[in-house]
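Taking it in order: structure first as structure tokens, then the write-up.
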Amino acid sequence: MNLKEKIVIVTGGTGALGRYIVNKFAAEGNKVYVPVLTMKEFNDVFNDKSNDDDNSDFNLKKIYAFDCNATDKNSVKEFVSSVARNEKGKIDFLVNTVGGIGKAAKVSETDIEDFDELFNLNFKSTFYFSKECLSYMIENKFGRIISIGALAALETSPSRFSYGYAKYGVINLMNTISEENKENNIFANTVIPSIIDTPANREWGSDEDIKKWVTPEELSSIIFDLTTEKNKSIRNSVIQVLNKY
């Protein structure tokens, strides 16, 4: 299997982690599609003036974007259909990074609207994209789906029930997809980072804290490696990337 020119969808591709994942796949010669709420969001991250790697950390290579609301099933269906039309029905890899931790709240104090919002953002977005991409992957008898999980899904996290519940659903979704589609050569895995070294997190983290965190570059390399031939047998895995956290 030649990885070059694979068709990749990265949700949350303009985010603090997603942009590194997009750049990694594009740098390796693949076409990457990013769903965005606005094109300004896309252009603010990916420089479309030059392909010179020295000009920007995130230069436009084969990176494309369409408008899409990841929590709206019809919008997701339209986005995936547009990619498939452009690529003659070919979608090879899906990386789900859309999500958010939300505000801390004990179960007794959890607002139902906040619970629904976190569930929609973390689980439903992953479900919608996975479901739509699967129809093309099944037709082609090949696909890899990788989703970002959370430690809150693996251990009891007081005041983080809503977030942990949604992310546990993501793990179960990935494992179920793998079991249902292993004969179609479609494998899914979950990557669980500890705290990611992002500009937002650096605002509150100390120098000692930051040394214990995981870099987005490292995570993007791990996610990329899960799609390569050398890791072709990995499925149903929950891969924890913790560093010294």
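The values are calculated or read from the model by the stated rules, or taken from the named source; none is laboratory data. Quantities reported herein were computed from a predicted structural model and do not represent experimental measurements. Here the Cβ positions follow ideal geometry from the backbone for every residue, glycine too, while neighbour counts run over all protein chains shown.
One line per residue, one yes/no per condition, for (1) modelled with pLDDT under 90; (2) touching a His at 6+ places or on another chain (Cβ under 7 Å); (3) surrounded by fewer than 19 Cβ atoms within 10 Å (Cβ to Cβ):
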site: ASN2; (1), (2), (3): yes, no, yes
site: ASN55; (1), (2), (3): yes, no, yes
site: ASN59; (1), (2), (3): yes, no, no
site: SER82; (1), (2), (3): no, no, yes
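The single condition among (1) over 16 Å from LYS6 (Cβ atoms); (2) of a type in the set (Ser, Thr, Tyr); (3) not in a loop (DSSP other than H, G, I, E, B) that THR71 does not meet is (3). When you check TYR136 against the structure, is it more than 16 Å from the chain's Cα centre (by Cα) and in a helix (DSSP H, G or I), yes or no? Yes, satisfied.
Any chance you could count how many residues in the range 90-117 are among the polar types (S, T, N, Q), surrounded by 14 or more Cβ atoms within 10 Å (Cβ to Cβ) and part of a helix (DSSP H, G or I)?
Start the filter on the range 90-117 by keeping residues that are among the polar types (S, T, N, Q), which leaves 96-97, 108, 110.
Then keep just the ones that are surrounded by 14 or more Cβ atoms within 10 Å (Cβ to Cβ); that gives 96-97, 110.
When the remaining residues are screened for being part of a helix (DSSP H, G or I), the result is none.
Number of matching residues: 0.
Evaluating ASP207 against the criteria (1) farther than 24 Å from VAL8 by Cβ; (2) within 17 Å of the chain's Cα centre (by Cα) leaves one unmet condition, (2). Screening TYR128 against (1) in a strand (DSSP E or B); (2) of a type outside the set (A, V, I, L, M); (3) buried (at least 21 other Cβ atoms within 10 Å of the Cβ) leaves a single unmet condition, (1). Within the range 156-204, how many residues turn out to be closer than 17 Å to PHE123 by Cα, among the hydroxyl-bearing types (Ser, Thr, Tyr) and surrounded by fewer than 16 Cβ atoms within 10 Å (Cβ to Cβ)? Residues meeting the conditions: 1.
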